[in-house]
Structure formats: structure tokens, C-alpha cells
Amino acid sequence: MPAPGSGPELRTWSAPLRRQISWLTCWIALCTAEALPACPLPCTCDGHGLQVDCSGRGLAAPPPDLPAATRTLLLLNNRLSFLPGGAFASLSGLQRLDLSNNFLDGLPRTTFGELANLTELRLRNNSLRALDPELLRPLPRLRHLDLSLNGLARLPPGLFDGLPALRSLFLRANRLQSLDRRTFEPLAGLQLLQVGDNPWECDCHLRDFKHWLEWFSYRGGRLDQLACTLPKELRGKDMRVVPMEMFDYCSQLEDQNSSAGLEVPGPPCTKASPEPPKPKPGPEPEPEPGAACPQKQRPRPASVRRAMGTVIIAGVLCGVVCIMMVVAAAYGCIYASLMAKYHRELKKRQPLMGDPEGEREDQKQVSSVA
């Protein structure tokens, strides 16, 4: 007798069940495939599409079909030379962007316009020569910025105005010669600054930035090195250890420039003569200065060596004067003590007025004479 639940009746009942389970499995797999973001063909992605790695793929432009949920995008070691405005407009949740080791020579101001959540931006080793002042304004959460190994000769004013959260800034190996203090004043939370391997000119243009560096170091900021290239007297020295007295001549130059700017320009200075002389063949002679045309004196460049010598001589003179004052004080004290001792000895030798023994001796001398 066949067991209950077996035979043709069981096969007839289980066939539709297996068919339904297979359809359900296919539907779940299809939904799962649609839920996962598609990864661009030349790149690799993690399981959820949060990190897209397109480094070293020889790309000349960013992939157009990047997942909207991307949090980290790596585009280093490619052939990118230009980024159109809004190239990352669909990646509003992007947090890390690495564009290092490419050929970027310019960035439109709208390149990062939609990346309000970006916290790390790396543009190391490109061909950037200039930056738009509005380029970084849409990145209020940016914490790390790397601009090393580019050709930046200056930083435009207002470049860092919209970066209150910036903590580290790398400007190494560029062509920077001076920096404006006002450009760095908005970076109140900056903790690490690297500016080495730049041709710094330690002159009046870098004086105000030196003041900012002192404030930056006072509140605990870290700086690698700011070694001077010019003038030759300061070559190789760190700007932070150069004394502020070396820049005293800057205020004099500013006063001269301000006073020169207030002068009313007069007519061109010419030599007084009834008729202009006829030109002669050959090189033109230089005009001789006359009474109404005084010869202007050329400003002599300030000598750092002379300034250092003046400071040393002044210190030596002050030391000599102090030593002389100490010697004079010691001599006065010794002289006063000797005079006091002399007066005490003198009082001991002289007889006191009204002494009876002295009177008896006088009387004896008078009686013997009589």
C-alpha cells in the first residue's frame, strides 16, 4: 500500500510550487541587479558603488555614467587636460576627489559647483598656472587641499574665503615668490601648511605674511619650512627666524611712495633754450640737468649686510656704556668708603675740645717756661 503523500498526487502538487519559487528567485535577482548602480566600464567599483577607482586608465575625460551615490572618485594617473564646467554635477554626495598626476592646466570656476559635501580635494602634480578666485567657494566642508607640484606663481585674493573647515593645505614645489596675508586670514582652523621648495623672495612683499606666520605658529599651527631664495644675504635661511628689524626700510619706502603719489605732476622737464637744437647724426646725447630740471637721485637699495652691521655695532656700544656705568658706580662706592675711613681716623687723632688733661699739660708747659 503506497504511503500517504507520495506518488503521482505529490508530484502534481509540488510542480506548481517549484515553478513559483523559481519565478520568485528570478524576480528577487532582477530587483537586486536594478538596485545596484552600474559601474563605468573602464573603472572598478566596490559592492555598493560608493568608491569608483578610475586611476591609471589613460582617460582623457571623466566617465559620463558615474553612479550618483559615489562617495570617493579616484581619477589620478590619467591624461586629463581639461574639465568642463559641471563635470561632477551629478555627484552631489561626493566626499573625496583625487585628480593627481594629470595634465590639467586650467579649471573653470563651475568645476566643483555641485560638490558641497566634498571634504578632500587633491590636484597634485598637474600644470595649473592660475586659479580662479571663485573656484573653491562652493566647498564649505573642504578639510584637505593639495595643490603641490604645479606652476602656481600667485594665489588670487579671496581664494580661501569660503573654506572655514580647511585643516591642511599643501603648496609645495610651485613658483610662489610671495604670499598675501589677507588670502590666509579666513583660514582660522588651519593646522598644517606646507610651502617648501618655492623661490621665496624675503623682501617687503613677504613682511605681512611673516606676521601671519607668527600668529599661525602661536596658535599651534605646523609649517614645514619657508627658506629664502633672495636676497643672497638670506639665501637658505628660514623666514621665521629672520628678525623684523631687517624690514624697517619697508616703512620708509612706503612713506616715499605715498608722498610721491600726492605730488601733482608738472610739465615735462626740458632744457631751457630759445630754440631746440637741430638733431645731429649719431646717438642722441642725454639731456643735461638744469636749474629748472634737477636731477633725480636714484634710491639706493637697502643692504641687509649693512643693517646687520648697524645692529651689531649698536649692541657693542650699548654693552660698553653699561660696563662703564658699572665701573663708575663701583669706583664711587670705593671712594666713599675710603673717605669715610679717613675721616674716622682723623677724628681719633685730634684732641677733643675742653679736655682737662690737655689743659693740665698746657699749664705745665707755662710753669716750666716761667
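Solvent-accessible area per residue in the stretch 38-199 equals 43 Å², computed with a 1.4 angstrom probe and all protein chains kept. Projected label points at ASP65 and LYS237, each 7 Å from Cα along the beta carbon direction, are separated by 6.3 nanometres. Remark: the stretch 197-207, residue by residue, has Karplus-estimated 3J(HN,Hα) of 6, 10, x, 6, 9, 7, 10, 5, 5, 9, 5 Hz, where x stands for each Gly or Pro and the curve is 6.51 cos²θ - 1.76 cosθ + 1.60 at θ = phi - 60°. Kindly list the residues of the stretch 72-86 that lie in the label zone of GLU134, defined by a backbone N under 14 Å from the point 7 Å along the Cα-to-C-beta vector. Label zone hits: 85-86. Per atom type, the stretch 38-199 shows carbon and sulfur on 49% of its accessible surface, probed at 1.4 Å.
Within the stretch 35-98, report the trypsin sites (Lys or Arg not before Pro) that DSSP leaves as loop and that have at most 12 other Cβ atoms within 10 Å. List each step's numbers first, then the result.
On the way: sites: ARG57, ARG71, ARG79, ARG96; in loops: ARG57, ARG71, ARG79.
Sites meeting the loop and neighbour criteria: ARG79.
Spin-label pair VAL327-MET339: with each label point 7 Å from Cα along the Cα-Cβ axis, the two points sit 2.1 nm from one another. Ordering 40-46, 206-212, 146-152 by mean Cβ neighbour count within 10 Å, with the highest value first, yields 146-152, 206-212, 40-46. When only alpha carbons are used to place a centre, the stretch 64-83 and the stretch 101-117 end up 11 Å from one another.
In this label model, SER127 and ARG182 are separated by 3.3 nm, measuring between points 7 Å along each Cα→Cβ vector. For GLY113, the residues 5 or more places off, or on other chains, whose built amide H falls under 5 Å of its own are GLY86.
Normalised by the residues of the stretch 38-199, what does the relative contact order come to in percent, with Cα pairs under 8 Å and at least six apart? Intermediate results must be reported in sequence, preceding the final value.
Working: 441 pairs, mean separation 22.8, N = 162.
14 percent.
Rg/Rh, computed from the Cα trace of the stretch 38-199 with Rh as the Kirkwood radius, has the value 0.96.
For the stretch 227-237, putting each phi into the Karplus relation 6.51 cos²θ - 1.76 cosθ + 1.60 with θ = phi - 60° gives couplings of 8, 6, 9, 10, x, 5, 5, 10, 4, x, 8 Hz, in residue order, rounded to whole numbers and with x for Gly and Pro.
The values are calculated or read from the model by the stated rules, or taken from the named source; none is laboratory data. Please read these numbers as outputs of a predicted model, since none were measured by experiment. All Cβ positions, glycine included, derive from the backbone under ideal geometry; neighbour counts span all protein chains shown. Each accessible area value is taken on the protein alone, full model and side chains, heavy atoms only, with ligands, DNA and RNA left out. Shrake-Rupley method; radii C 1.70, N 1.55, O 1.52, S 1.80 Å.
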